[in-house]
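The values are calculated or read from the model by the stated rules, or taken from the named source; none is laboratory data. Keep in mind that this is a model prediction, so the values were computed, not measured. Positions of Cβ are generated from backbone atoms using ideal geometry, with glycine treated the same way; all protein chains shown enter the neighbour counts. Heavy atoms of the whole protein, side chains included, go into the accessibility calculation; ligands, DNA and RNA do not. Shrake-Rupley method; radii C 1.70, N 1.55, O 1.52, S 1.80 Å.
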Amino acid sequence: MSRVLIIGCGGVASVAIRKCCQVSEVFTDICIASRTVEKCDRLAQALAGKTKTRITTARVDADSVEEVKDLIRSYRPDLVMNIALPYQDLTIMDACLACGVNYMDTANYEPENTDDPAWRAVYEKRCRELGFSAYFDYSWQWAYREKFEKAGLTALLGCGFDPGVTQAYCAYAAKHEFDTIDTIDILDCNGGDHGYPFATNFNPEVNLREVSAPGSYWENGRWVEVPAMSIKREYNFAEVGKKDMYLLHHEEIESLAANFPGVRRIRFFMTFGQSYLTHMKCLEDVGMLSTTPVHFEGVDIVPIKFLKALLPDPATLGPRTVGKTNIGCIFTGKKDGKDKTFCIYNVCDHQACYREVESQAISYTTGVPAMCGALMLLTGAWNTPGVHTVEEFDPDPFLDALDRYGLPRSIDRNPVLVD
Ligand code: NDP
């Protein structure tokens with residue numbers, strides 16, 4: 001019997017909520033709370049009569065610690081699942097600490113306003129010290145470690161697919177397949193086609209900030225940063241085929257480098273079609289990806305927010321997206337003194353996801369791990385107090401849950417390596 005407060009009701013949260021409702025013996029009560037309560041009400045209505053989970057809804061502005069605290073105090077959840085945006089991570093963590101409740105999210109903190117001078121001072125210092133310039137990093141949430149530990153509470157960070165499942169794949173490889181891991185390549189392939197010339201598969205603002213940032217990877221104990229999209233490879237993905245992929249900075253590299261200090265190199269690649277890249281470059285060149293407000297005809301407009309309003313809502317891409325995703329990790333290392341390679345991945349079909357939960361595979365591959373992570377916390381399978389990323393926990397019960405609830409693993413013992 002568990003009560004869960006889910007904050008956010010967008011593309012990813014909708015999948016997580018529908019999956020929680022498939023496991024109503026654990027998720028007995030859910031409160032869906034978001035800024036636009038009408039979205040929560042519509043989803044609750046769509047699920048009425050189809051699940052034993054008791055669903056309520058609430059309006060909350062998760063930028064306000066006080067509002068989240070009031071909601072937690074009135075609903076009394078066992079866990080808060082933050083599936084809103086990375087901008088709300090710290091306010092929701094503060095509210096969880098104040099109310100003594102466990103926390104989880106799917107993406108690490110970044111500020112909504114990157115012009116904020118207090119944030120910029122820390123950011124610029126971090127860029128100098130660490131050597132990468134993405135707007136997001138773990139330092140803000142790792143700073144809560146002691147507070148969560150002392151309170152006997154668990155915060156699980158980044159429990160989507162990547163970050164999330166990819167780190168469980170790394171923990172699995174370290175536990176079962178290797179004595180030492182030398183390199184990790186995380187490959188995220190979306191072979192789906194939604195028929196639009198340009199659309200993003202999850203929140204456009206967060207997505208475009210991520211992919212337009214300089215790329216970086218971890219090698220020999222330090223970050224190597226390269227211009228955005230400057231490292232390109234072609235790869236033949238199982239069940240998808242050949243795709244161009246580009247090296248990106250990605251948040252799990254940072255936690256994997258900290259938790260697997262013996263690994264020599266960690267890289268992340270994501271596939272992009274030419275149409276996406278051409279549109280993104282053009283939008284960037286004309287200033288539409290900027291987060292700095294422009295004063296226009298008497299109002300302040302943030303270009304990337306205006307762009308978000310023009311682009312298709314990722315939550316509406318489900319019916320029109322066809323094809324498959326293939327996301328996984330390729331490892332090199334040693335077992336019993338011998339060189340070894342190993343790949344573990346998942347293939348997910350956009351249309352199969354739509355038939356099951358009315359969503360495309362990107363939201364599905366994020367929402368299902370969020371539900372499975374919540375399951376680990378609620379059943380006590382993962383219960384170490386503190387602030388943790390997925391690779392710090394036993395991967396076995398989590399990967400078993402993913403196999404069971406829609407994201408089964410595949411294994412390739414002779415993978416083609418990325419040069
Ligand atoms: P959406 O934009 O579709 O949904 C965001 C939801 O959060 C909306 O319901 C929105 O409400 C709500 N929200 C935004 N601000 C607030 C606020 N201040 N208070 C309360 N609710 C708020 O995003 P996605 O579903 O695409 O993404 C959700 C999260 O998943 C993001 O953090 C994203 O980075 C992460 N993600 C993680 C992945 C992974 O593999 N780990 C992959 C893909 C996404 P409203 O309707 O009013 O706008």
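Leaving ligands, DNA and RNA out of it, rank 73, 267, 409 by accessible area with a 1.4 Å probe, largest first. Show your work: numbers first, answer last.
Details: 73 130, 267 15, 409 60 Å².
Putting 73, 267, 409 in descending order of accessible area: 73, 409, 267.
If you plug each phi of segment 279-294 into the Karplus form 6.51 cos²θ - 1.76 cosθ + 1.60 with θ = phi - 60°, what whole-Hz ³J(HN,Hα) values come out, in order, with x for Gly and Pro?
Result, ordered by residue: 4, 5, 4, 5, 4, 5, 4, 8, x, 6, 8, 6, 9, 8, x, 10 Hz.
Arrange the residues 288, 270 by how much accessible surface each exposes, largest first, with a 1.4 angstrom probe. Mind dumping the intermediate values first?
Working: 288 45, 270 25 Å².
Descending order: 288, 270.
Which value, in Å² rounded to 10, gives the accessible area of residue 345 with a 1.4 Å probe and all protein chains present?
In the full protein context, residue 345 sits at about 30 Å².
At what distance in angstrom do the alpha carbon centres of segment 379-403 and segment 153-175 lie from each other?
With segment 379-403 and segment 153-175 each reduced to a Cα centre, they are spaced 8 Å.
Based on the Cβ-Cβ distance from residue 54 to residue 22, what FRET efficiency comes out when R0 is 25 Å, to the nearest 0.05?
So the FRET efficiency works out to roughly 0.95.
Roll a 1.4 Å probe over the protein heavy atoms and report the accessible area of residue 56 in Å², nearest 10.
70 Å²
Once you have the Cα-Cα distance between residue 384 and residue 150, take 0.36 nm times their residue separation minus that, and quote the gain in nm to one decimal. It would help to have the intermediate numbers written out before the result.
Details: separation 234, 0.36 × 234 = 84.24 nm, distance 1.15 nm.
Extra length available between residue 384 and residue 150 comes to 83.1 nm.
Can you tell me the dipole magnitude for the chain around its Cα centre, using point charges on the Cβ only (Lys, Arg +1; Asp, Glu -1), in Debye to the nearest 20?
So the magnitude is around 720 debye.
Looking only at the chain, where both bridge partners belong to it, what percent of the DSSP beta bridges are antiparallel (to the nearest 5)?
Bridges in the chain are about 60 percent antiparallel.
Quick one: go through segment 94-116 and flag any residue whose amide nitrogen is under 20 Å from the point 7 Å out along the Cα-to-Cβ line of residue 299.
Those under the cut-off are 113.
Which of the peptides 370-379, 390-399 is most tightly packed, and how do the rest follow, judged by the mean count of other Cβ atoms within 10 Å per residue? Mind showing how you got there, number by number?
Numbers: 370-379: 24.0, 390-399: 20.4.
The most tightly packed comes first, giving 370-379, 390-399.
What GluC sites (Glu not before Pro) does segment 1-99 have in DSSP loop regions with at most 15 other beta carbons within 10 Å?
Filter output for segment 1-99: 25.
Quick check: residue separation of residue 335 and residue 127 times 0.36 nm, minus the Cα distance between them. What number comes out in nm? Please list the in-between numbers first.
On the way: separation 208, 0.36 × 208 = 74.88 nm, distance 3.64 nm.
This chain segment gains 71.2 nm when fully extended.
Give me the number: length gained by fully extending residue 36 to residue 118, i.e. 0.36 nm times residue separation minus the C-alpha to C-alpha distance, one decimal in nm.
The span from residue 36 to residue 118 would gain 26.6 nm if fully extended.
What ranking, highest mean first, results for peptides 232-240, 152-160 when packing means the other Cβ atoms within 10 Å averaged over each residue?
Put in order of decreasing packing, that is 152-160, 232-240.
For a quick check of understanding: with a 1.4 angstrom probe and all protein chains in place, what accessible area in square angstrom does residue 122 have, to the nearest ten?
Rounded to the nearest 10, that gives 70 Å².
Can you compute the helix-only [θ] at 222 nm over the chain? Use -39500 (n - 2.57) per DSSP H run of at least 4 residues, normalise by all residues, nearest 500 deg cm²/dmol.
Roughly -11000 deg cm²/dmol at 222 nm, from the helical runs in the chain.
My understanding is that a pair violates if its Cα-Cα distance is over 18 Å; which of 19/50; 232/305; 175/335; 125/150; 243/308; 232/281 do that in this structure?
Pairs exceeding 18 Å: 232/305; 125/150; 243/308.
Report the FRET efficiency, 1/(1 + (r/R0)^6), for residue 220 and residue 242, where r is their Cβ-Cβ distance and R0 is 30 Å, rounded to 0.05. Intermediate values should be presented prior to the final figure.
On the way: r = 31 Å, r/R0 = 1.02.
That gives a FRET efficiency of 0.45.
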